[in-house]
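The values are calculated or read from the model by the stated rules, or taken from the named source; none is laboratory data. Predicted model, so just to flag it, every value in this text is computed and none were measured. Cβ sites come from the backbone with ideal geometry, for glycine too, and all protein chains shown count toward neighbours.
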């Protein structure tokens, strides 16, 4: 039984080449049927070049418009009604696909998903959640990492509930430790937003451990860390930059110091394992929590490996029914969450 995944073929910076290669890799390795969304004539020609006479379960759905990275999300969503994002998300809404993957404009993806799929009851702003590597080997879920630049305290409250449920459902953490990202552990530290959010999170029926700092993202002191999308996106991109720097510095050091063949082999194996732990393409993108359906949003710079892993993550979430579990549990906890004070979509990372 194949699981249907819709893929925005014109999302990434170098689209559609990474998307087509990633779709081919996914169909070779996973029990999935990939629905490529974009201009059919262009996709058909490129797909034929990559298939090499293989009979893979890849279907093309025509979409005449593409939302660019530099476009304003609200305007693009309103005016481009035949965009690859909208067409792909409609497949999910109509149950022709169980998940949607895009490496396109984050703000447009969030706004389109919210419009086409709809938000869960009690959620007025969906959040992007991404697993971060830690020294313990268990990932830490960081959210929001870019869907909402400006947040209010009740938004962080909702993020905490969704992140806690996501960690329990996906990573099987029995009682996830939830922290609020700030500039100090004391409740008095932080800005107006974190100080207003603290009592709301303390009142929730979750294992709230209080304020945490940036270093706690990687040391395993929390299973879920909550912040607004501006702070989360900066933290994520900074972490990726540091990871790349460390990988390159370590590679250069190994090349200078390792001379014995056996030692070089062992060091290379250790380095490759280290590189995979820090490589964002291995994570495949961030799930958009709070909408009625599986929606994975990846980097604009995604390569074929990132697209493959985005499809893999969508497949795993859909197969396990995690989104449905989160929806049911969030609905049951709706009374514990502060009613949404503003239903506006708010500013978004472009």
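Condition check: part of a strand (DSSP E or B) and surrounded by 18 or more Cβ atoms within 10 Å (Cβ to Cβ). Does residue 217 satisfy that?
Numbers: part of a strand (DSSP E or B): no; surrounded by 18 or more Cβ atoms within 10 Å (Cβ to Cβ): yes.
When the stated conditions are applied, residue 217 does not pass them.
For the condition assigned by TED's automatic domain parsing to the domain that holds residue 323, surrounded by 21 or more Cβ atoms within 10 Å (Cβ to Cβ) and within 30 Å of residue 219 (Cα to Cα), what is the one hit in 103, 97?
Working: 97 fails: within 30 Å of residue 219 (Cα to Cα).
Only one candidate qualifies: 103.
Give me the helices (runs of 4 or more DSSP H) completely within the stretch 21-121, filtered to those with at least 2 residues that are touching a strand residue (DSSP E or B) at 6+ places or on another chain (Cβ under 6 Å) and closer than 28 Å to residue 146 by Cβ, ordered by residue number. Step through it out loud before you land on a result.
Working: elements: 40-51, 73-79, 84-93, 106-116.
Helices (runs of 4 or more DSSP H) meeting the threshold: 84-93, 106-116.
Could you say whether any residue in the stretch 124-132 is touching a helix residue (DSSP H, G or I) at 6+ places or on another chain (Cβ under 8 Å), more than 30 Å from residue 219 (Cα to Cα) and part of a strand (DSSP E or B)? It would help to see each step written out before you state the result.
Initially, the stretch 124-132 is screened for residues touching a helix residue (DSSP H, G or I) at 6+ places or on another chain (Cβ under 8 Å), giving 124-130, 132.
Now drop any that are not more than 30 Å from residue 219 (Cα to Cα), which leaves 124.
Now restrict to residues that are part of a strand (DSSP E or B): none.
No, because not a single residue in the stretch 124-132 is touching a helix residue (DSSP H, G or I) at 6+ places or on another chain (Cβ under 8 Å), more than 30 Å from residue 219 (Cα to Cα) and part of a strand (DSSP E or B).
With 347, 341 as the choices, which residue is over 22 Å from residue 17 (Cα atoms), modelled with pLDDT under 75, part of a loop (DSSP other than H, G, I, E, B) and in contact with a helix residue (DSSP H, G or I) (Cβ under 6 Å, 6 or more places away or on another chain)? Explain how you work it out, then say what you get.
Working: 347 fails: in contact with a helix residue (DSSP H, G or I) (Cβ under 6 Å, 6 or more places away or on another chain).
Only one candidate qualifies: 341.
Taking the condition of being out of contact with any helix residue (DSSP H, G or I) (no Cβ under 8 Å at 6 or more places or on another chain) and not in a loop (DSSP other than H, G, I, E, B), how many residues in the stretch 168-193 meet it?
Residues meeting the conditions: 3.
Among the residues of the stretch 292-314, is any at pLDDT below 55, on the phi < 0 side of the Ramachandran plot, surrounded by fewer than 21 Cβ atoms within 10 Å (Cβ to Cβ) and part of a loop (DSSP other than H, G, I, E, B)?
Filtering the stretch 292-314 down to residues at pLDDT below 55 leaves none.
Checking the stretch 292-314: not a single residue is at pLDDT below 55, on the phi < 0 side of the Ramachandran plot, surrounded by fewer than 21 Cβ atoms within 10 Å (Cβ to Cβ) and part of a loop (DSSP other than H, G, I, E, B).
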